[in-house]
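A.B. asks: Before anything else, here's the structure in question.
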Amino acid sequence: LHSRGFWRPKSLLDTARFTLSFNSRHHRKKHQDSRALWKHEAVQKYLETLSKEYQQVSHLLNADSINGVEQRTLRRRCAHLSPIAAAFQEIKEAEREVQELEAMCRELDSRDEKQLLELALEEKETLDKKVNVLCRKLFQLLVPKGKYDRSHVILEVTAGRTTGGDICQQFTKEMFDMYQNYADYKCWTFDVVNYVPAEIGGLHHAAAHISGDDVYRHLKYEGGTHRVQRIPETGMSSRMQRIHTGTMSVIVLPQPEEVDVKVDPKDLRIDTFRAKGAGGQHVNKTDSAVRIVHLPTGLAVECQQERSQQTNKEIALRTLRAKLYQQVVEKQLSQEQNARKLQLGTRAQSERIRTYNFTQDRVTDHRISYDARNIKEILSGKEALDKLINRLLEFAEIEAVTEYLENLQALEGGGC
């Protein structure tokens, strides 16, 4: 097909694996949203190229001179380019309408036609929102899907430490409940595989297997250290209105349906013990809980949620394979990084990613400088949390396209 004069190699945007950089302040200021990135000259040039290629491919598909193999290749390419070309043209048409409305608004303002001006401004606002949605849709089409985005996950929460009070354990419980509610909001399945409560109502550690559509895509940037700032409900600090700071950590491990990780039974130490916490009278009478230690790596997993020791063992083995598989994933992602040292969402577990300030009723995501009010709405795990997560995903898409532009400019500058 190269000989036909239009077929080109896959672009960097088609082939590169992109990751989310949380430290690129320069790009965050330059491309705050999809609409701003759309206006970038290099983006326009690239989309024009794709649109022309789509027209050429469509035209060639109607030719009689191509053989069956070429036709199948062209159809695949056409199917890939068609939604991109359609979104591109739709945005251009909507922007033309916006420009016409802006000109109309200027004229109405000069004639002091307040009522008509108000209607025109309302229509312009509606069109602006439409363009923003279309830009987001376009960049979702451009950015390659992550290898593990459709995977189920193992989500773990662990309380940190603080000087005095039990805010870490209480906050960890609230966070685990938040993710459980979010799973319900997204119609996912949330199966608790480990739950170690604190003595005074909080939570030391918990883990869950979450399955459903695009679970890892939505949760992959939740991994990291979450900080809480609040006045304890009881004790001297509560009477003195003293703010305590604590942390908890979240780990999100992708778990594809088929995890091909071989585990030699000789490398495992399996211990049984009595389960703790809620679960009925049986928890204190049977050694149903299971702890598995993978001796070569030191990885340890526990499961105590089921009455059957065998069932707990199977769940623990599945979790262990997910953790071992995560090491393989981390190695692959590390090898695929480019020279720009990008922050990987699944690797930055020690980084403080978000602060929940109860005294100011504010949640701040430090990676994208995003503030949200009403902590209770965030912790309810519904629309407010989904909005925050989608903001992270949009930022990731923008970073991916931005990185493509940098690579493209570097190639052009090097004469490639």
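The values are calculated or read from the model by the stated rules, or taken from the named source; none is laboratory data. Because the structure is a prediction, the values reported are computed rather than measured. Note: ideal-geometry Cβ built from the backbone for every residue, glycine included; neighbour counts use all protein chains shown. Note: areas computed on protein heavy atoms with side chains; ligands, DNA, RNA excluded. Shrake-Rupley method; radii C 1.70, N 1.55, O 1.52, S 1.80 Å.
A.B. asks: In 5 Å bins starting at zero, report the fraction of Cα pairs in the range 34-142 per bin as a rounded %.
C.D. replies: The percentages, shortest bin first, are 2, 11, 18, 16, 13, 11, 10, 7, 5, 3, 2, 1, 1.
A.B. asks: Along Cα→Cβ, 7 Å out, is where each label goes; now give me the distance between the ones at D264 and K92 in nm to one decimal.
C.D. replies: 6.2 nm
A.B. asks: Let me ask you something else. Please go through the residue pairs K186/K313; K92/K130; K145/K387 and name each one whose alpha carbons sit more than 22 Å apart in this structure.
C.D. replies: From the list (K186/K313; K92/K130; K145/K387), the Cα-Cα distance tops 22 Å for K186/K313.
A.B. asks: Taking only protein heavy atoms into account and a 1.4 Å probe, give the accessible area per residue of the range 34-142 in Å².
C.D. replies: 61 Å²
A.B. asks: Can you pull the one-decimal nm distance between simple spin-label points at E122 and T311, each 7 Å off the Cα toward Cβ?
C.D. replies: Those two pseudo-labels are separated by 5.8 nm.
A.B. asks: Calculate what fraction, in whole %, of the accessible area of the range 51-129 sits on carbon and sulfur atoms when a 1.4 Å probe is rolled over the protein chains.
C.D. replies: Values: 2500 of 5280 Å².
It is 47 percent, rounded to a whole number.
A.B. asks: Ordering S211, S65 by accessible area with a probe of 1.4 Å, largest first, what comes out?
C.D. replies: My answer, sorted largest first, is S65, S211.
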